[in-house]
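Below: one structure, written as structure tokens.
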Amino acid sequence: MARLHELEKSQYLPRPQIEAIQTQHLKDFLTDIGTHVPYFRDLFKQLGFDPASCRSAEDLQRLPFMNKSVIRENVDALKADDAGPLSRYNTGGSSGEPLIFYIGKARKSHDVASKWRATRWSNVDIGDPEIVLWGSPIELGAQDRVKAIRDRLLRSWLLPAFQMSDDKVREMLAQIRAVRPKMLFGYPSALAHIAEKARAWNIPMNDLGIKVAFVTSEMLYDHQKQSISEIFGCPVANGYGARDAGFIAHQCSHGRLHISAEDIVVETIDADGKPVGPGKPGEIVITHTATRDFPFVRYRTGDVGVLGTEECSCGIKLPVLAEVQGRTTDFVVAADGTVIHALALIYTVRDLPGVQRFKIIQHSLERTEVMVVVDERFGDGERLRIRRDFAARLGERVQVEINEVPEIPREKSGKNRYVVSHVKR
């Protein structure tokens, strides 16, 4: 609550004052980890880097990037020698080996306060009932008595996103109707899925007084946003973040993603690791200054985004993340080496008659698999359309395999990845 109070004051300050707060937090953070975190104590000494000399976020460019490999190889050395209680977390490992890392109380406080600040932008306050459609075993496996009491006090109900059988979805829709939440929070693919089921089963969901559906942790596609908004009768607010990198940016009522810049520094870089600056796409790199117990400094997220160049008209002065184009793994590679956004393939399959669900897997430059769950409308014409469009984008000689399956399993986290590419770029 104390952190929330601070964030709600600073969000309206002029941009130079927000940058001054960020710089002071960054300087204090780097000084702290340079003293108490063995990995950074040794790194700063090796580089001759003096945290006290930090004058702006640009000084971070004097430090190397962190990635998952660096964290895996230095887990113990990344823990502060005076850290308080640490919670063990991991990413889902959907694109490779899971990442194990730790989070302290300060990081948790910042992330929760940041989320609350964003919900209040949509007139949803602390204690308003919410339904959370999530898939992490960390939350879903921790339904002990204390947590159950806390969830009831905060009026928050957690539903498992990876259990999506028709019977389970009917139970979810019934619980949403019973709770009548002010807010939905979850993966866009999961919320869109239950929205479309409600439409198919003629179950009304737009009469419950839901004020907003917050989505995060996946790309939000236009068709998902439309389904969620139409069925639940509320606007959809996107959020950008990850379990490892934190809650980075949230959407205001004007539809712009505002970066939690008081404690998070966002850089965008090109393939060579050079800064690209505002207005141009680049890989998103995060420094989270509330992570002193297990620091994330210049952490490469694998996501591609564009920093904004203008202030938002909503009155909030926090910098804008103009666009999140997806993960680097949301791109495929044509036979001639051209990098293509996955939407070029997604739109072809998604819009075909008879396609209920799908997943595209690029195994190599020569072979791409399309898994589809279909009904009786899907036939030879639809198969021909997939092969023709994929050939036009990936190359005439690329082998396109179309496999009809009864179900497409979600990732362990509950997420749904429409495209997976195993081709290195």
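The values are calculated or read from the model by the stated rules, or taken from the named source; none is laboratory data. Not measured: the values here are computed from a predicted model. Here the Cβ is made from the backbone with ideal geometry for all residues, glycine too, and neighbour counts use every protein chain on show. For the accessible areas, the whole protein counts, side chains as well, though only heavy atoms, and no ligand, DNA or RNA atoms are used. Shrake-Rupley method; radii C 1.70, N 1.55, O 1.52, S 1.80 Å.
The table below gives the values:
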read-out: HN-Hα J in Hz across segment 50-59 - Karplus 6.51, -1.76, 1.60, θ = phi - 60°, x for Gly and Pro; value: 9, x, 5, 8, 5, 10, 6, 5, 5, 5
read-out: Eligible lysines near K168 by straight Cα distance, threshold 20 Å, same-chain separation 8 or greater; value: K197, K412, K415
read-out: Per-peptide average of other Cβ atoms within 10 Å, ordering 259-272, 384-397 highest first; value: 259-272, 384-397
read-out: Per-residue ³J(HN,Hα) for segment 74-82, Karplus 6.51 cos²θ - 1.76 cosθ + 1.60, θ = phi - 60°, Hz, x for Gly and Pro; value: 9, 4, 5, 6, 8, 8, 4, 6, 10
read-out: Nonlocal amide H pairs with A237, under 5 Å, H built at 1.01 Å; value: A213, F214, V215
read-out: Amide H partners (placed H, <5 Å) of R367, local residues excluded; value: Q399
read-out: Cut-off under 5 Å, modelled amide H: who pairs with S156 long-range; value: E130
read-out: Residue-averaged 222 nm ellipticity for the chain, from DSSP H runs of 4+ at -39500 (n - 2.57), nearest 500; value: -10000 deg cm²/dmol
read-out: Backbone HN-Hα couplings from phi across segment 362-371 [Karplus 6.51/-1.76/1.60, Hz, Gly and Pro as x]; value: 8, 6, 7, 5, 9, 9, 10, 9, 10, 8
read-out: Inverse mean reciprocal Cα-Cα distance (Kirkwood Rh) of segment 1-100, Å; value: 15.9
read-out: Subset of K79/K359; K27/K68; K45/K68; K211/K317 violating a 29 Å alpha-carbon distance limit; value: K79/K359
read-out: Sites E230 and E73 - FRET efficiency at Förster radius 56 Å, r taken between beta-carbons, to 0.05; value: 0.75
read-out: Accessible carbon and sulfur surface of the chain relative to its total accessible area, %, 1.4 Å; value: 49
read-out: Label point distance in nm, H5-D270, each placed 7 Å from Cα along Cα→Cβ; value: 4.7
read-out: Sparse-neighbourhood loop sites, trypsin sites (Lys or Arg not before Pro) in segment 36-131 - DSSP loop, at most 15 other Cβ within 10 angstrom; value: R55
read-out: Considering only segment 333-412, percent of DSSP beta bridges that pair antiparallel, nearest 5; value: 55
